[in-house]
Protein chains: 2
Amino acid sequence: LAPLRAALDAIRPADATAMAAAHAHLDVLTKPVGSLGRLEELAARLVGIQGAPPHVARKALLIFVADHGVASRGVSAFPAEVTRQMACNFVRGGAAASVLARQAGASLTVIDVGIDGELGSEAGILHAKVRRATRDICVSDALTEQECLQAIVVGLELALARASAGVDCLLVGDMGIGNTTPATAIFCALHGLSPAEVTGRGTGIDDAALARKVDAVERALARHGPRHAPLEILASLGGLEIAAITGVAIAAAASRVPLVIDGFITTAAAAIAMQLHPHVGDFLFFGHRSNERSHAGMLERLEVKPLLDLGMRLGEGTGALLAAHLLDAACRLYREMSTFASGGVSMRS
Amino acid sequence: LAPLRAALDAIRPADATAMAAAHAHLDVLTKPVGSLGRLEELAARLVGIQGAPPHVARKALLIFVADHGVASRGVSAFPAEVTRQMACNFVRGGAAASVLARQAGASLTVIDVGIDGELGSEAGILHAKVRRATRDICVSDALTEQECLQAIVVGLELALARASAGVDCLLVGDMGIGNTTPATAIFCALHGLSPAEVTGRGTGIDDAALARKVDAVERALARHGPRHAPLEILASLGGLEIAAITGVAIAAAASRVPLVIDGFITTAAAAIAMQLHPHVGDFLFFGHRSNERSHAGMLERLEVKPLLDLGMRLGEGTGALLAAHLLDAACRLYREMSTFASGGVSMRS
């Protein structure tokens, strides 16, 4: 608990004075005031996080991988062994996230925080396994409080280390067959929603699997009962990768490094982190609106607006990687554009 | 007229068989079917244009610059001299488009197709001036038929030359103080709309200027009368840069090079080009939804869905440059992802 407490205590809000100064700078660049739209908001918030000028050249994607006891209930279109196989695919370079990380110039770290199996000699996967998969959330808490904290600290310490090493933009991704089920359960527990109304098709399940998934979320919530503290919800319903990503969000805020959130799973982790400290949200950039059924609703309840809306529903950090290009654009525009004076351009008439 | 006729005659639709094969390839990559959303549509359409595998590494942005007689009526927030000043800013590297072109790795060509002034010795601007500004559309056709064709051919031949030189993705941008006025007039003439209901604030004009702008569009349409042929509308209401960009769209389709459209002005040019040949649209990618009032409506009437929606309203090709990153991502995913077989990943259960 000590590392988490220390990180939470270190969080300060984004610097409002610096953000106002950033907007003043943006207003004298050679363009109509406000005409770069959300890129101007991005640049100003990055200045509020990092100081001026903002920069996101050194990007690091952390993909947390874990299995889920609830997967045995047939809630996914893929067998659980795919979790381990995809972890290997990430480091071998053949997954979508691998390709987009190369395009973005982002380093890619794959962390086994709870794969249900041994990885053998596969090079390049960071071993930080807390346990082999969560317990089945229909019948038991997914994690003990201790296991949950341990997973949080895996993400926390890794992100703090990246920040210390000079990374200036973090991105998170997830992999875990079945993990839209715990993420949906977390969303329902946070907001008192009905599983039948929000449960979606994840990787693309048929109607029978969807019925099993709704049933699993309902059972988990009935067992969970009225516990409302974010860490209770996380341990009871969450996945190990979701807990680790929650730790990354806390670390990003504590070390004042912008963090790009991906889709449905990472948003569930962000939602927990935002309840743990009121200023975590200052440091988060929501990369995209996923096609998963209730992601749009989750984002609305967090009062955040995603950058992209491309009908994607893959996870892995793919949406975050694409959105990071927009943060990079915002930084470059802030740093490299001429002012009306330096560019020899007349101000408005 | 001969170069335009030859290009129109050369246009063939995107290859439906190749697109179906592309979707079959996308379906065996290591991801749930369809989970990359619009990136899969992009990849498949690029295959339909270029063949497999698709590639957009060599990108060229063409920014066409021209002045507008109607600007003297006070329809813009900026003085007309800004057109020439911004052309210089583009080539000196200080404009938003300059910055984003560097980020995208795109070459940038600035073409004077009708600046109302002499550029002197400013290096790097391509001189293809058809005339110094259009005539005031409130009292006269903007261009003679001959001038309009000449401007179209400037864009057409430049784009054909880029395609012959091996460019595999074209982008267009515009600069011309006052040019949302002719673009709005074109939109109204194409669709029979009321200027008061669609005219927007362009670079950010106040209510008095907006009233002048609505009045100018109304006068132009009253003078224009019932002419409906796309080239008549273009010559009567259009700008020189809009005509040149229309030529680029025709050339892109004729030479089977994907073209990324930017915002409001370039969409008006695209709308004209799409009326000149039914398959031009196969080769166009609409980069973003601009914040200019009626851009969303223009896109809907064209039945196209923009890639980005970031509240931008700058022109210059800035939205196209950001969107090109998504085309590049789609190509890389298509080319570089493992298949379920090669990646050692189990298919759905």
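The values are calculated or read from the model by the stated rules, or taken from the named source; none is laboratory data. Worth saying up front: this structure is predicted, and the values here are computed from it rather than measured. Quick reminder, even Gly has a Cβ in these numbers, built from the backbone with ideal geometry, and neighbours come from all protein chains shown. The accessibility values were calculated without ligands, DNA or RNA, using every heavy atom of the protein model including side chains. Shrake-Rupley method; radii C 1.70, N 1.55, O 1.52, S 1.80 Å.
Brief remarks on what is shown
- For the range A:231-276, filtering for residues that are acidic (Asp, Glu) and part of a loop (DSSP other than H, G, I, E, B) leaves 1.
- Test: residue in the range B:177-186 that is at positive phi and at pLDDT 95 or above: yes
- Every pair of residues 6+ apart whose Cβ atoms lie under 6 Å, when the first sits in the range B:325-349 and is more than 7 Å from every other protein chain (Cβ to nearest Cβ) while the second is part of a helix (DSSP H, G or I) and buried (at least 18 other Cβ atoms within 10 Å of the Cβ): B:Leu327/B:Leu42; B:Ala330/B:Leu39; B:Ala330/B:Leu42; B:Ala330/B:Ala43; B:Tyr334/B:Ala43; B:Met347/B:Phe340
- Some residue of the range B:213-234 being under 20 Å from the mean Cα position of the chain (by Cα), within 29 Å of B:Leu158 (Cα to Cα) and open to solvent by less than 10 Å² (accessible area, probe 1.4 Å): yes
- Looking only at the range A:46-71, and only at residues there that are assigned to a helix (DSSP H, G or I) and either within 13 Å of another protein chain (Cβ to nearest Cβ) or open to solvent by 30 Å² or more (accessible area, probe 1.4 Å) (or both), the one that is nearest to A:Phe285 (Cα to Cα): A:Gln50
- Looking across the range B:91-124, the residues that are open to solvent by less than 10 Å² (accessible area, probe 1.4 Å), of a type in the set (A, V, I, L, M, F, W, C) and over 17 Å from the mean Cα position of the chain (by Cα) come down to B:Ala95, B:Val99, B:Ile115.
- Elements of the type helices (runs of 4 or more DSSP H) sitting completely within the range B:72-181 and holding at least 2 residues that are among the small types (Gly, Ala, Ser) and within 12 Å of chain A (Cβ to nearest Cβ): these cover B:96-104.
- Just one of (1) in contact (Cβ under 8 Å) with a residue 12 or more places away in the chain; (2) surrounded by fewer than 24 Cβ atoms within 10 Å (Cβ to Cβ) fails for B:Leu314. It is (2).
- Residue within the range B:192-206 that is in a helix (DSSP H, G or I) and open to solvent by 40 Å² or more (accessible area, probe 1.4 Å) present: yes
- Residue within the range A:164-186 that is open to solvent by 20 Å² or more (accessible area, probe 1.4 Å), among the aliphatic types (A, V, I, L, M) and without any contact (Cβ under 8 Å) to a residue 12 or more places away in the chain present: yes
Condition check ((1) closer than 19 Å to B:Met298 by Cα; (2) not hydrophobic (A, V, I, L, M, F, W, C)) across all residues:
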| residue | (1), (2) |
| --- | --- |
| B:Val167 | no, no |
| B:Ser236 | no, yes |
| B:Arg256 | no, yes |
| B:Leu259 | yes, no |
| B:Met274 | yes, no |
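- Boolean, B:Gly315 is touching a Gly at 6+ places or on another chain (Cβ under 9 Å), modelled with pLDDT of 95 or more and more than 8 Å from chain A (Cβ to nearest Cβ): yes
- Qualifying position, being open to solvent by 10 Å² or more (accessible area, probe 1.4 Å) and either under 30 Å from A:Gly238 (Cβ atoms) or within 12 Å of chain B (Cβ to nearest Cβ) (or both), among A:Ala14, A:Ala24: A:Ala14
- B:Asp9 being within 14 Å of another protein chain (Cβ to nearest Cβ), modelled with pLDDT of 95 or more and more than 25 Å from B:Asp262 (Cα to Cα): no
- Scope the range A:317-338; condition more than 18 Å from A:Ala96 (Cβ to Cβ) and either touching a strand residue (DSSP E or B) at 6+ places or on another chain (Cβ under 6 Å) or surrounded by 18 or more Cβ atoms within 10 Å (Cβ to Cβ) (or both); matching residues: A:Leu326, A:Leu327, A:Asp328, A:Ala329, A:Ala330, A:Cys331, A:Arg332, A:Leu333, A:Tyr334, A:Glu336, A:Met337, A:Ser338
- Restricting attention to the range A:260-287, the residues that are away from chain B (no Cβ under 14 Å) and open to solvent by less than 10 Å² (accessible area, probe 1.4 Å) add up to 13.
- Output for the range A:140-154, where each listed residue is out of contact with any Ser or Thr (no Cβ under 7 Å at 6 or more places or on another chain) and open to solvent by less than 10 Å² (accessible area, probe 1.4 Å): A:Cys148, A:Ala151
- When B:Gln146 is tested against the conditions (1) farther than 15 Å from B:Ala244 by Cβ; (2) without any contact (Cβ under 8 Å) to a residue 12 or more places away in the chain, the lone failure is (1).
- Restricting attention to the range B:297-349 and to residues that are β-branched (Val, Ile, Thr) and under 30 Å from A:Met175 (Cβ atoms), the residue that is nearest to the chain's Cα centre (by Cα) turns out to be B:Thr339.
- The residues of the range B:29-45 that are within 7 Å of chain A (Cβ to nearest Cβ), assigned to a helix (DSSP H, G or I) and of a type outside the set (Lys, Arg) amount to a single one, B:Leu39.
- Residues in the range B:233-275 that are under 15 Å from B:Ala14 (Cβ atoms) and of a type in the set (D, E, K, R): B:Arg256 only.
- Applying the condition of being in contact (Cβ under 8 Å) with a residue 60 or more places away in the chain and open to solvent by 30 Å² or more (accessible area, probe 1.4 Å) to the range A:288-304 and asking which residue is farthest from the other protein chains (Cβ to nearest Cβ) yields A:Arg301.
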